[in-house]
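Reading through the structure tokens given below for one structure.
Just so it is clear, none of the values below were taken in a lab; they were calculated from the coordinates. It should be emphasised that the depicted structure is a prediction, and the values quoted were computed from it without experimental measurement. Cβ atoms come from the backbone with ideal geometry, glycine included; neighbour counts cover every protein chain shown.
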Amino acid sequence: MTGPDAATRRPGPGRAHLITGIAELVTCDGPANSTPEERLGILRDVAVVVTDGRISWLGAASDAPACDSQADLEGRCVTPGFVDSHSHLVFAGDRSAEFSARMTGVPYDGGGIGVSMAATRAASDETLRRLVAARVAEMRSQGTTTVEIKSGYGLSVLDEARSLRLAHEVTPETTFLGAHVVPPEHRGDRTAYLDLVVGEMLQACRPWARWVDVFCEPHSPYAFTAEESRRVLSAGIAAGLLPRVHGNQLGPGPGVQLAVEVGAASVDHCTYLSDADIDALAGSATVATLLPGVEFSTRSPYPDARRLLAAGVSVAIATDCNPGTCYSSSMPFMIALAVAAMRMSPAEALLAATVGGARALRRSDIGRVYVGGPADLAVLDAPNHQHLAYRAGVPLARAL
Ligand code: NIG
Ligand code: FE
């Protein structure tokens, strides 16, 4: 994930940059199979050296080596940069009126995706590039250092490929979501649209995508059934993409079971889960990615995070930043919602926003702080990580 301030934390090739004044370093690299608090791996009185964008030294502040440059954080908390494993940043247009209507009782059904699609198709490459860059910068300014970005507002061969090409300019975590909804010109013939998605569109998007996703949601007339979703995921896998699923968002449904069946890295939303869904997730390597900003912005019931955690399911939280169900780019806000509305502890929420998101992207190199790892760090204007939830809505976090 590249941003305008990325260069400022790298003093130059081969040059070592010392970070001191860290009140609490949350590594998220504590022992597995321990309590969430222990898994946070909190270190105190430590300093960190960054060389060429990687952590080259970490140890007692009193033992810190001489370096080429230095930053004193004056008693702030440092955490791994947040891993936002679910976003839809490539879109143009405005749907604030849809949000207002929803707040006065109009239910969400996915129909507004067509509005964003029309505006996105009409936008120039330069406009879309500028919009994506602004949203990525907004995320970095709130502590996010890795973002996954989906297509899904193009819904034609050229517009989906363009969305992914632009997303790929800012992150390697790009997801082909041609099966977001059936676009208006294909409403009379869903099968013809699916043929296009698994054929020409997939081929055009494949060079720019790591992942394939589908909006598996029988409760939306615009989205896809289990059978249709299985077809899309199978074609994506055959083309070399890795699967992930939007599932169980608007009501109980087949998304979770399908995600587990195809070995998806993650099933996202999980707002409505049955006992069988939880059992399936618990026996799998599929992460349940919770998107509490969606429940907040659609006035829906929150997912049962406690049941998932009690069953031993891997849980991530992400923003789902998109123009319809949650136009928030703020991982700290998601952490605060996870704690206040989903009853996760501050430790569980921070783990879900870092190593949890990394696991949802099948990445073991990010989401934690360790020697040799990328210097993807968030600094908080606070002495400890609990302030993320405690001081909800206060802009404490930024990517270092
Ligand atoms: O993740 N569920 C489908 N897609 C998005 C919403 C897209 C939109 O309404 O524009 C989501 O919630
Ligand atoms: Fe989404």
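Quick notes on this structure:
- Comparing mean-square fluctuations of 186, 246, 168 from a GNM of the chain with C-alpha springs under 10 Å, the top value falls on 186.
- With both labels modelled 7 Å from their Cα along Cα-to-Cβ, the residue 134 to residue 190 distance reads 3.6 nm.
- Entry note, the range 83-360: relative contact order of 18 percent, from Cα contacts under 8 Å with a spacing of 6+ residues.
- Cα-based helix-to-principal-axis angle, 226-238 vs the chain, degrees rounded to 10: 60 degrees
- Neighbourhood net charge (11 Å Cβ-Cβ; Lys/Arg +1, Asp/Glu -1) for residue 250: -2
- In this structure, the amide hydrogen of residue 378, modeled 1.01 Å from its nitrogen in the peptide plane, lies closer than 5 angstrom to those of 79, 81, 400, counting only residues at least 5 positions away or on a different chain.
- Residues of the range 272-291 falling in the label zone of residue 219, defined by backbone nitrogen less than 20 Å from a point 7 Å along Cα to beta-carbon, are 272-281, 288-291.
- The chain: most fluctuating residue of 160, 185, 38 per GNM, C-alpha cutoff 10 Å: 185
- Pairwise label distance in nanometres, residue 37 with residue 237, each label 7 Å out on the Cα-Cβ vector: 4.2 nm
- The equivalent ellipsoid of the chain has semi-axes of 35, 23, 19 Å, largest first, where each one is the square root of 5 times an eigenvalue of the Cα gyration tensor.
- Helix 125-140 axis versus longest C-alpha principal axis of the chain: approximately 40°, rounded to the nearest ten.
- For the range 83-360, the share of DSSP beta bridges that are antiparallel, to the nearest 5, is 5%.
- Placing a label point 7 Å from the Cα of residue 54 along the Cα-to-Cβ line, the residues of the range 359-375 whose backbone N sits under 11 Å from it are 371-375.
- Between 0 and 90°, nearest 10: helix 331-340 axis offset from the chain longest Cα axis: 90 degrees
- The listed peptides 207-213, 385-391, 260-266, 176-182, ordered by packing as a protection proxy, come out as 176-182, 207-213, 260-266, 385-391 (highest mean of other Cβ atoms within 10 Å first).
- Paramagnetic label zone (point 7 Å from Cα along Cα-to-C-beta, residue 200; backbone N under 14 Å) in the range 150-178: 155-161
- Extension gain from residue 392 to residue 168, taking 0.36 nm per residue of separation minus the Cα-Cα distance: 77.5 nm
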